[in-house]
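Read the structure below first, then the notes.
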Amino acid sequence: MVKIRLKRLGAKRRPYYRIVVMDSRTPRDGKAIEEVGFYHPVEAQDKQVKVDLERVDAWIKNGAQPTDTVKKLLNRAKASK
């Protein structure tokens, strides 16, 4: 199953996440099929989330399932547009 989930990057206590499309069996930081955005929780509120909503919608139409955390981030990104 293809999932839209977070991939962790950054230093210790300075996390930085990429929102990626991956096979559910791959490791958290493994190779992604496509990167569709980022989430930087340490930044200011208006710079925390950036998502390519068109690509996300295309992947969801093809059967990709977003995780619970990514659903919340997508809702935040859609509300800010």
Point to revise | Residues located in the stretch 57-81, provided they are surrounded by 16 or more Cβ atoms within 10 Å (Cβ to Cβ) and either over 12 Å from VAL2 (Cβ atoms) or aromatic (Phe, Trp, Tyr) (or both) | key: TRP59, VAL70, LEU73, LEU74, ALA77
Review point. List the pairs whose first member sits in the stretch 33-52 and is farther than 10 Å from VAL20 by Cβ, whose second member is surrounded by 11 or more Cβ atoms within 10 Å (Cβ to Cβ) and among the polar types (S, T, N, Q), and whose Cβ atoms are under 7 Å apart, counting only residues at least 6 apart or on separate chains?
Key: TYR39/GLN48; HIS40/GLN48; PRO41/GLN48
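Take the residues of the stretch 1-11 that are in a strand (DSSP E or B) and among the hydrophobic types (A, V, I, L, M, F, W, C): which is nearest to ASN62 (Cα to Cα)? Spell out the reasoning first.
Going residue by residue through the stretch 1-11, those that are in a strand (DSSP E or B) are 2-11.
Subset that is among the hydrophobic types (A, V, I, L, M, F, W, C): 2, 4, 6, 9, 11.
Details: VAL2: 9, ILE4: 12, LEU6: 19, LEU9: 27, ALA11: 34 Å.
It comes out as VAL2.
Every number in this text was worked out from the coordinates using simple rules, so none of it is lab data. What you see is a predicted model; the values in this text were computed from it and never measured. Neighbour counts run over all protein chains shown; Cβ positions are idealised from the backbone, glycine included.
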